[in-house]
């Protein structure tokens, strides 16, 4: 092949660069009230996310496979199951989100479930935030219609709701040093709108923004 042809091929090949769902929306640092931040918002990156829908008579088989391969109990109520960097989050009757802390081996995970459920890879179509801190419930109460009190929404609970006219999937992870920890997921196209609402709601408490490349903490 001539040098000219090689150069031509190089010019024509697009150089795709992965872009965070939160790029241009938030950045690391703090904002709002001065002093110790009442809330921490951590933008999650690199997660593997897929929706699973079991056929009418296939839930039992799917349950057996996810238990054997991943050590996960398939939630049949609005709950989550977490094990070894993988998670299942209830998303409706016969529906779940399958989440991996990173995308290494994620394609193999989905292949193992092929034929057992309708699977759609949502890894680049969703935006996820981990929200925590002593004032997180007070901030979320400004728009979240779900009762997030520990007695009503204990660790492992999951829900689908609407905040500021934005569809939200949320679940409660294991508590952290500052108390309750919540995971919030929205469609990638709605990330900016959700952050606009959240940043205004949390400003009076002060917010620390951080980035995370994986979910090594096992929160899914």
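The numbers here are math on the coordinates, done by the rules we state, and not lab data. Being a predicted model, the structure only gives us computed values, none of them experimental. Heads up, the Cβs are rebuilt from the backbone with ideal geometry, glycines too, and the neighbour counts pull from every protein chain shown.
Over all distinct Cα pairs, what is the inverse of the mean 1/r for region 68-192, reported as the Kirkwood hydrodynamic radius in Å?
Numbers: mean 1/r = 0.0646 Å⁻¹.
Final number for the Kirkwood radius of region 68-192 is 15.5 Å.
Taking the number of other C-beta atoms within 10 Å as the exposure measure, put 135, 142 in order starting with the fewest.
Details: 135 19, 142 14.
The most exposed by this proxy come first: 142, 135.
Quick one: the Cα spread of the chain along its three principal axes, in angstroms, biggest first?
65, 48, 31
Would you calculate, for the chain, the mean residue ellipticity at 222 nm contributed by helices, counting each DSSP H stretch of 4 or more residues as -39,500 (n - 2.57) and dividing by all residues, to the nearest 500?
Values: 5 runs with 47 residues, N = 220.
Result for the chain, helices only: -6000 deg cm²/dmol.
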